[in-house]
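Worksheet for the structure shown next.
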Amino acid sequence: MKLPEDFYRRPDPVQISRELLGKYLITHIGGVRTAGIIVETEAYNGRTDKACHAHLGRRTKRTEIMYHRGGLAYVYLTYGLHHLFNIVTNEAGFADAVLIRALEPTEGLEEMQLRRGLARPGLARPSLMRPGLARPDYRLTAGPGVMSQALGITREHWGENLQGDKIWVEDRNYTLADQDILQRPRVGIAYAQEDALLPWRFSIRNNPWVSRAKATYESGNNSAQ
DNA sequence: GGAGTGATGTTCT
DNA sequence: GAACATCACTCCG
């Protein structure tokens, strides 16, 4: 079931970030369908949060979309190279958003590899960590820039409505207990000073598709390839 | 596997 | 001209 607009038009981006874990992010771009489970998110609050691009009412051509109603895509280019995909939340006038940072791929893996320039064969069963199987290539979708590239998301999708047929999120009744969820400070926002300490980054515990997998993935995987 | 660093374009000072 | 919600590569162990 596609998440309805009401899901996004709620006031707390931190709560929405947590609830987006385990949901399926799906794109139908260039005639190809790609999808995966959201395993890592970050919340940004336009009113109170120095890390947010729209902090203190900052309003530019780039951030304008964040002031719209929830349920639209905010895509921007960072470091001149990477397109980062966010979902605008809250009602119009509040510049809140959730950054989707990593995905466990489930559909369209071949197309994702092509888009990523990873010609490596044998990415079979990436969600499984069985001894004896080759380790999946986490460079496919474990990080906000590479995830967008794998899904075909670019700045052309800035403002895209998630009720449409290009990018959307589905609830497939994959529920997570609190103990399955890791809550940590956000990544790469040291410039936000004290707000950099806010624990507004959520991820699925022990899921290897979380970005910088080595840092959060507990022991128990076989590191031998 | 960890530190260091270059790539690259838009936004804002 | 600096900074940037990143990534992949090198070098060193």
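The values are calculated or read from the model by the stated rules, or taken from the named source; none is laboratory data. All figures in this text were calculated on a predicted structure; none of them were measured in a lab. Using ideal geometry, Cβ is built from the backbone for each residue, glycine included, and neighbour counts are taken over all protein chains shown. For accessibility, only protein heavy atoms count, side chains too; no ligands or nucleic acids. Shrake-Rupley method; radii C 1.70, N 1.55, O 1.52, S 1.80 Å.
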Top-ranked residue of the range A:72-113 - restricted to ones that are part of a helix (DSSP H, G or I) and of a type in the set (A, V, I, L, M, F, W, C), ranked as surrounded by the most Cβ atoms within 10 Å (Cβ to Cβ): A:M112
Matching residues in the range A:51-71 - criterion: being more than 14 Å from DNA strand B (Cβ to nearest atom) and open to solvent by 10 Å² or more (accessible area, probe 1.4 Å): A:H68, A:R69
Scope the range A:22-47; condition farther than 11 Å from A:L103 by Cβ and touching a residue at least 24 places away in the same chain (Cβ under 8 Å); matching residues: A:G22, A:H28, A:I29, A:G30, A:V32, A:R33, A:E42, A:A43, A:Y44, A:N45, A:G46, A:R47
Which numbered condition A:P4 fails, given (1) modelled with pLDDT of 95 or more; (2) surrounded by 14 or more Cβ atoms within 10 Å (Cβ to Cβ); (3) at negative phi; (4) not aliphatic (A, V, I, L, M): (2)
Any chance A:A119 is within 16 Å of DNA strand C (Cβ to nearest atom), open to solvent by 20 Å² or more (accessible area, probe 1.4 Å) and modelled with pLDDT under 90: yes
Test for A:R58: is it more than 13 Å from DNA strand C (Cβ to nearest atom) and among the basic types (K, R): no
